[in-house]
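Colleague: Got a structure for you, written out below as structure tokens; questions coming shortly.
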Amino acid sequence: AQSVAQPEDQVNVAEGNPLTVKCTYSVSGNPYLFWYVQYPNRGLQFLLKYITGDNLVKGSYGFEAEFNKSQTSFHLKKPSALVSDSALYFCAVRDMGGGNKLTFGTGTQLKVEL
Amino acid sequence: AAGVIQSPRHLIKEKRETATLKCYPIPRHDTVYWYQQGPGQDPQFLISFYEKMQSDKGSIPDRFSAQQFSDYHSELNMSSLELGDSALYFCASDTFPRRETADTQYFGPGTRLTVL
């Protein structure tokens, strides 16, 4: 069975500093990886995805993610954090062998402080 | 751009009552997915439909059923509600993907169900 792990429940960073939210995956076959963000009482917003190609994927709102096959990781990054980036971030893997459902990690709460 | 529409946004029910949640996918999206997110938890897949046929089934209780209609909208029917069914229910949609790509699932704002 495929899975993703987010080892940090919460990440704190000062505004203007770079941020990293970690994600590791376990799949059989090629991984199809996604990052979503959830603001309080809101739905899940798509940030970016890795299917194939360049290991550095650029997404919305200045976010990017680095796919590392040898470390089975897909960490989310942003060079300069904003207070408005504070939210809950989910890494997900897509089941391409079956019904294409997403399996989510447990989520990482990002808090960006002034 | 049009997004996934879910109704109602909030729903309060008593134990043992029934509830119906509706989902309207993004235009031209033919696949709908339902997820349940309990308090402080990650979203869990319930069920999905493609072209009105169930395409996958996850941890959906037998008390729940769902279907997709000819206009691609979907309804999640929940009966004999329990306190533990209180959660945020998301619907997502995409187009049926080919293996060499993975279309993105776009999520609706969710329906917050509270069972008293």
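Colleague: Please work out if A:Ala14 is of a type in the set (Gly, Ala, Ser), at the interface with another protein chain (Cβ under 9 Å from one of its Cβ atoms) and on the phi < 0 side of the Ramachandran plot.
Modeller: no
Colleague: While we're here: So, of the residues in segment A:17-33 that are among the hydroxyl-bearing types (Ser, Thr, Tyr) and away from chain B (no Cβ under 11 Å), which turns out to be most open to solvent (accessible area, probe 1.4 Å)? Lay out the reasoning, then the answer.
Modeller: Residues of segment A:17-33 among the hydroxyl-bearing types (Ser, Thr, Tyr): A:20, A:24-26, A:28, A:32.
Of the ones still in play, those that are also away from chain B (no Cβ under 11 Å) are A:20, A:24-26, A:28.
Values: A:Thr20: 56, A:Thr24: 53, A:Tyr25: 24, A:Ser26: 58, A:Ser28: 114 Å².
Taking the candidates together, the pick is A:Ser28.
Colleague: Further, regarding this structure: So, A:Asn68, is that one out of contact with any helix residue (DSSP H, G or I) (no Cβ under 8 Å at 6 or more places or on another chain), over 23 Å from B:Phe96 (Cβ atoms) and within 14 Å of another protein chain (Cβ to nearest Cβ) or not?
Modeller: Details: out of contact with any helix residue (DSSP H, G or I) (no Cβ under 8 Å at 6 or more places or on another chain): yes; over 23 Å from B:Phe96 (Cβ atoms): yes; within 14 Å of another protein chain (Cβ to nearest Cβ): no.
Taking the combined requirement at face value, the residue does not satisfy it.
Colleague: Condition first: surrounded by fewer than 22 Cβ atoms within 10 Å (Cβ to Cβ) and outside any strand (DSSP E or B). Now tell me which residues in segment B:10-33 satisfy that.
Modeller: Result: B:Glu14, B:Lys15, B:Arg16, B:Glu17, B:Thr18, B:Ile26, B:Pro27, B:Arg28, B:His29, B:Asp30.
Colleague: Hey, any hits in segment B:2-9 for a residue that's assigned to a strand (DSSP E or B), surrounded by 18 or more Cβ atoms within 10 Å (Cβ to Cβ) and not hydrophobic (A, V, I, L, M, F, W, C)? Step through it out loud before you land on a result.
Modeller: First pass over segment B:2-9, keeping only residues assigned to a strand (DSSP E or B): B:5-7.
Right, trim to surrounded by 18 or more Cβ atoms within 10 Å (Cβ to Cβ) and you get B:6.
Narrowing further to those that are not hydrophobic (A, V, I, L, M, F, W, C): B:6.
Yes, segment B:2-9 contains at least one residue that is assigned to a strand (DSSP E or B), surrounded by 18 or more Cβ atoms within 10 Å (Cβ to Cβ) and not hydrophobic (A, V, I, L, M, F, W, C).
Colleague: Condition check: in a loop (DSSP other than H, G, I, E, B), of a type outside the set (A, V, I, L, M) and closer than 22 Å to A:Phe90 by Cα. Does B:Asp103 satisfy that?
Modeller: Values: in a loop (DSSP other than H, G, I, E, B): yes; of a type outside the set (A, V, I, L, M): yes; closer than 22 Å to A:Phe90 by Cα: yes.
Yes, satisfied.
Colleague: Filter segment A:53-63 down to the residues that are more than 27 Å from B:Ala2 (Cβ to Cβ) and either surrounded by 15 or more Cβ atoms within 10 Å (Cβ to Cβ) or within 14 Å of chain B (Cβ to nearest Cβ) (or both) and list them by number.
Modeller: The first filter runs over segment A:53-63 and keeps only residues more than 27 Å from B:Ala2 (Cβ to Cβ), leaving A:53-56.
Result: A:Gly53, single match.
Colleague: Turning to a different aspect of this structure: Consider A:Tyr50 against the criteria (1) away from chain B (no Cβ under 11 Å); (2) surrounded by 14 or more Cβ atoms within 10 Å (Cβ to Cβ): it satisfies all of them except one. Which criterion is unmet?
Modeller: (1)
Colleague: Is one or more of the residues making up segment A:34-47 open to solvent by 40 Å² or more (accessible area, probe 1.4 Å), over 14 Å from the mean Cα position of the chain (by Cα) and at positive phi? Reasoning before the result, please.
Modeller: Restricting attention to segment A:34-47, the residues satisfying the condition of being open to solvent by 40 Å² or more (accessible area, probe 1.4 Å) are A:39-42, A:45-46.
Narrowing the set further to residues that are over 14 Å from the mean Cα position of the chain (by Cα) leaves A:39-42.
Checking which are at positive phi leaves us with A:41.
Checked against the condition, which is being open to solvent by 40 Å² or more (accessible area, probe 1.4 Å), over 14 Å from the mean Cα position of the chain (by Cα) and at positive phi, segment A:34-47 yields at least one hit.
Colleague: Among the candidates B:Gln44, B:Gln67, B:Gln36, single out the residue that is within 19 Å of A:Arg94 (Cα to Cα), away from chain A (no Cβ under 11 Å), out of contact with any helix residue (DSSP H, G or I) (no Cβ under 8 Å at 6 or more places or on another chain) and surrounded by 14 or more Cβ atoms within 10 Å (Cβ to Cβ).
Modeller: B:Gln36
The values are calculated or read from the model by the stated rules, or taken from the named source; none is laboratory data. Predicted model only: the values in this text are computed from it and were never measured. Heads up, the Cβs are rebuilt from the backbone with ideal geometry, glycines too, and the neighbour counts pull from every protein chain shown. These accessible areas exclude ligands, DNA and RNA; they are computed on the full protein's heavy atoms, side chains included. Shrake-Rupley method; radii C 1.70, N 1.55, O 1.52, S 1.80 Å.
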